[in-house]
1. Using the Kirkwood radius built from alpha carbon pairs, what does the Stokes-Einstein equation give as D for the range 3-203 at 10 °C and 1.306 mPa s, in µm² per second?
2. What is the gain in length, in nm to one decimal, between GLU211 and ASN2 on full extension, counting 0.36 nm per residue of separation less the C-alpha to C-alpha distance?
3. If you line up the long axis of helix 44-56 against the longest principal axis of the chain, both from Cα atoms, how many degrees apart are they, to the nearest 10?
4. Using modelled amide H (1.01 Å from N, peptide plane; none on Pro or chain starts), what sits under 5 Å from the amide H of ILE168, excluding residues fewer than 5 places away?
5. Taking the Cα centre as origin and putting +1 on Lys and Arg beta-carbons and -1 on Asp and Glu beta-carbons, what dipole magnitude results for the chain, to the nearest 20 debye?
6. Relative contact order for the range 76-166 using alpha-carbon pairs under 8 Å, separation at least 6, rounded to a whole percent?
7. Which length gain, in nm to one decimal place, applies between SER93 and GLU24 when the Cα-Cα distance is subtracted from 0.36 nm times their residue separation?
8. Report the residue, chosen from GLN13, GLN144, GLN193, that carries the largest GNM mean-square fluctuation when the chain is represented by alpha-carbon nodes joined by springs under 10 Å.
Amino acid sequence: MNLLEKEDLIRVQAEELEHASAEEVIEFAIKTFPNITFACSFGAEDVVLVDMIQKISPSTDIFYLDTDFHFKETYETRDRMAERYGLEFVRVSPLITPEEQAAQHGEALWSVSPNECCNIRKVEPLTRILSQYEAWITGIRRDQAPTRANSKKIEYDTKFGLVKFNPIAGWTSEDVWNYIRTNEIIYNPLHDQNYPSIGCEYCTRQVMPGEDPRAGRWSGHEKTECGLHK
């Protein structure tokens, strides 16, 4: 399917999928684009989507970006999910190790230039893995951040050059947690310790009462996104 055909498909399906359930969006995505993948960060939204994808199409590729800087709880959540579903997450790593990064860019690059650190450890690896696929599925929701407010359930990702599906774009945090509780889904225990949004250990802190849910990401910097979603 060439770019014009993909754009036509998105235009035709956009309104219909907007009213579809998350499961229906996933079914359509996988049926239409067999060469599709899901990017999993092991956050609350993503563990929901892993469960849905496993029920709909267990053979669909699921990858994660291993920045080498994740919380130990995140790695433990990965391992518990792999055991529960009997799957192997595709590990995507940066081209350089933390030690090589320190040697080339200085110690604690994340504190001096978080954008550069994200580019090395997230954006480049994501660009590399997505080049192998026609479409990808993400767990972004519109109410997570102003930068995500206009996300559609199906859209063309101009940054990475493929079709992007956001099955739970219209969900609230309450919707996510209702699904987790109802289906007894494994989730990162840091969510129970005031970490609503979990990224790398060095750039994530607890969120205090009254703060925006994403206030704990890159605290002290103007940065609000890692560069993966626009």
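1. 90 µm²/s
2. Computed gain between GLU211 and ASN2 is 70.8 nm.
3. 40 degrees
4. Those qualifying (amide H under 5 Å, at least 5 residues apart or on another chain) number zero.
5. 200 debye
6. It comes to 20 percent, rounded to a whole number.
7. Length gained, SER93 through GLU24: 21.7 nm.
8. Comparing GLN13, GLN144, GLN193 in a Gaussian network model of the chain, the most mobile one is GLN193.
The values are calculated or read from the model by the stated rules, or taken from the named source; none is laboratory data. Nothing here was measured: the structure is a model prediction, and the numbers come from that model. Backbone-built Cβ (ideal geometry, glycine too); neighbour counts: all protein chains shown. Remember, those area values only see protein heavy atoms, side chains included, never the ligands or the DNA or RNA. Shrake-Rupley method; radii C 1.70, N 1.55, O 1.52, S 1.80 Å.
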